[in-house]
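In what follows, a single structure is set out as structure tokens and then discussed.
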Amino acid sequence: MTAQDEALPQELFFRISGTGDSPWELGRPQPAIIKLVEKGIFHGEILDIGCGIADNAIYIKNHVENINLTAIDLVPKAIEVAREKAEKNNVNIQFEAVNMLDDLSTITTHTLKQHSYDIILDAAVFHMFSNDDRQIYVKNLEYLIKPNGLYIQICFSEKETREGGPRRITKADLNQLFSADHGWTIESIEDTVYELRPDGPIGTDGRAYLSLIRRNKNI
Ligand SMILES: C[S@@+](CC[C@H](N)C(=O)[O-])C[C@H]1O[C@@H](n2cnc3c(N)ncnc32)[C@H](O)[C@@H]1O
């Protein structure tokens with residue numbers, strides 16, 4: 001397992017995101033995302049952070065009416081593949097290469113708007129970051145999400161005991177970072193599975209948490 005405060009290096013993503021060979025590039029949406037769509041959780045303005053090659057985003061946009069979807073990723077190559085795939089599927093998504101570890105309140109991007117997203121989706125991104133990076137990332141979430149918006153996080157959990165892969169997220173981590181003092185309410189943390197390619201370093205079916213975390217209304 002990755003050491004507790006060790007981020008996965010950005011160099012890794014620049015090397016493998018968008019190649020079609022990354023362990024998470026399944027070529028289909030995550031089953032956990034399909035279930036969330038079936039539950040009717042997605043609505044309004046949606047931001048998919050770390051969208052990769054956008055199989056989740058394209059599925060959501062194809063199956064939910066009356067939404068606007070923006071999808072960002074650190075890696076321009078992944079965004080290029082995602083954009084081509086969306087065009088082929090005739091799906092309208094705004095894509096942009098953005099680093100969620102930049103201070104977004106100080107830089108101009110083409111797509112992102114302050115306090116504008118009803119739903120922010122994070123499928124297997126948060127578990128990449130060091131403790132210091134997490135602070136920057138959460139500040140950016142707070143900058144982007146609407147009051148009463150929902151942050152949906154699917155990340156490897158402390159129940160995943162196999163060697164390798166990203167950090168494991170604990171309930172204690174989530175309670176500390178998304179506390180009432182910081183204007184968040186954790187609505188639920190459930191066990192789920194984040195599927196990976198069977199030929200990857202830890203095999204498929206990563207044990208994960210699906211967390212639904214609400215930004216307070218009167219923030
Ligand atoms: C495990 S992949 C998940 C991709 C996609 N969400 C999915 O479930 O198929 C993590 C993604 O986060 C992106 N990423 C890593 N660090 C990032 C950062 N600082 N800002 C934005 N995206 C980042 C990577 O390039 C990669 O595409």
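The values are calculated or read from the model by the stated rules, or taken from the named source; none is laboratory data. Quantities reported herein were computed from a predicted structural model and do not represent experimental measurements. Cβ: placed from backbone, ideal geometry, glycine included. Neighbour counts: every protein chain shown.
For this structure, a couple of remarks:
- Among the residues making up region 112-135, a single one is in a helix (DSSP H, G or I), near the ligand (Cβ under 9 Å from one of its atoms) and among the hydrophobic types (A, V, I, L, M, F, W, C): Met128.
- In this structure, Arg167 does not qualify as surrounded by 13 or more Cβ atoms within 10 Å (Cβ to Cβ), touching a strand residue (DSSP E or B) at 6+ places or on another chain (Cβ under 8 Å) and modelled with pLDDT of 95 or more.
- Hits in region 56-74 (condition: of a type in the set (A, V, I, L, M), near the ligand (Cβ under 10 Å from one of its atoms) and either closer than 18 Å to Glu87 by Cβ or modelled with pLDDT under 95 (or both)): Ala57, Ala71, Ile72
- All of Ile154, Ile53 fail the test of being in a strand (DSSP E or B), in contact with a helix residue (DSSP H, G or I) (Cβ under 6 Å, 6 or more places away or on another chain) and among the aliphatic types (A, V, I, L, M), apart from Ile154.
- Some residue of region 34-43 being near the ligand (Cβ under 8 Å from one of its atoms) and part of a helix (DSSP H, G or I): no
- Scanning region 120-150 for residues that are among the charged types (D, E, K, R) and in contact with a helix residue (DSSP H, G or I) (Cβ under 9 Å, 6 or more places away or on another chain) yields Asp122, Arg134, Glu142.
- Failed criterion for Arg15 (all others in (1) surrounded by fewer than 19 Cβ atoms within 10 Å (Cβ to Cβ); (2) in contact with an Asp or Glu (Cβ under 9 Å, 6 or more places away or on another chain) hold): (2)
- Within region 136-152, restricting attention to residues that are within 11 Å of the ligand (Cβ to nearest atom) and not hydrophobic (A, V, I, L, M, F, W, C), the residue that is farthest from Gly44 (Cα to Cα) is Tyr137.
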